[in-house]
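Report on the structure given below.
The values are calculated or read from the model by the stated rules, or taken from the named source; none is laboratory data. Bear in mind that the values here come from a model prediction, so they are computed numbers and not experimental data. Neighbour counts are summed over all protein chains in view; Cβ atoms, including those assigned to glycine, are modelled from backbone coordinates with ideal geometry.
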Amino acid sequence: MSDDDTPGDLADRPADVSLSPPRLLAKAFHDLERYSVVLRTDGDETTCMRDVLRVGEIIAVLPIDLARGEIVLIRQFRLPAHLATGRGELVEIVAGHVDAGETAVQAAMRECHEEIGVRPKALYELFRFMPAPGSTDEHATMFLGLVDATAVPQRAGATHEIEATRPMRVAIDAALAALERNTMINGFLILALQWLALHRDELDTIVAGNRAA
């Protein structure tokens, strides 16, 4: 442990690092780039090659109907999950890219409309995170979104993105019970439900406070 690492110093910080210009390995929906990295830590210098999948900024929304004690989840096919586990029809929350010219809040509103067919009445920023910082630059903002679950249609999805989502109204108790049984593997969903389990008794206070939109 370095001299400035203490139990109370649990925060990410800038690295002393030099990078080569990126070399494009594959250009696709998400580009894959390779870098030569020189990292200096505690007087030592390490040189290595690292590949990065350039995903960029993402939002995620846990849509909740406080009056009915429900959240809105979706079912959606994911090829990587199918290849990895044989269970490609995942249970998920709303999530998607922040498009050029959008704010995270605007993207969250748009993605909710596309994926569950309704726009939240209000959004509350919960936390930010990186799902897989060892392989991709994907960085996400998680929101709580207030919705009227009775307005959610049976089918949704953005036609121009060739996606088909099946929204589901789920009681909060049922969702947290499924989390406990470990029946769902989507990381965004698990993080959102873990947050909900920790803060369920504080929802009214959170909603009464400042909101993102």
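Residue 34 meets all of the listed conditions (1) touching a strand residue (DSSP E or B) at 6+ places or on another chain (Cβ under 9 Å); (2) within 27 Å of residue 104 (Cβ to Cβ) but one, namely (2). Residues in the stretch 138-151 include none that are hydrophobic (A, V, I, L, M, F, W, C) and either in contact with a Ser or Thr (Cβ under 9 Å, 6 or more places away or on another chain) or outside the structural domain of residue 192 (by TED's automatic domain parsing) (or both). Taken over the stretch 21-33, the criterion of being in a strand (DSSP E or B) and exposed (fewer than 14 other Cβ atoms within 10 Å of the Cβ) is satisfied by 23, 24, 25, 26.
If you scan the stretch 68-86, which residues turn out to be over 25 Å from residue 196 (Cα atoms) and either touching a Lys or Arg at 6+ places or on another chain (Cβ under 7 Å) or touching a residue at least 24 places away in the same chain (Cβ under 8 Å) (or both)?
Within the stretch 68-86, 85 is the sole residue that qualifies.
Taken over the stretch 106-130, the criterion of being touching a residue at least 12 places away in the same chain (Cβ under 8 Å), touching a Lys or Arg at 6+ places or on another chain (Cβ under 6 Å) and in a helix (DSSP H, G or I) is satisfied by 109, 112. One residue alone among 140, 175, 171 is exposed (fewer than 15 other Cβ atoms within 10 Å of the Cβ), modelled with pLDDT of 95 or more and either within 19 Å of residue 198 (Cα to Cα) or of a type outside the set (Val, Ile, Thr) (or both), and that residue is 171. Residue count for the stretch 73-109, restricted to those that are within 23 Å of residue 181 (Cα to Cα) and exposed (fewer than 15 other Cβ atoms within 10 Å of the Cβ): 11. Scanning the stretch 184-197 for residues that are free of Cβ contacts under 8 Å to residues at least 40 places away in the same chain and either out of contact with any Leu (no Cβ under 9 Å at 6 or more places or on another chain) or loosely packed, with under 14 Cβ neighbours inside 10 Å (or both) yields a count of 2.
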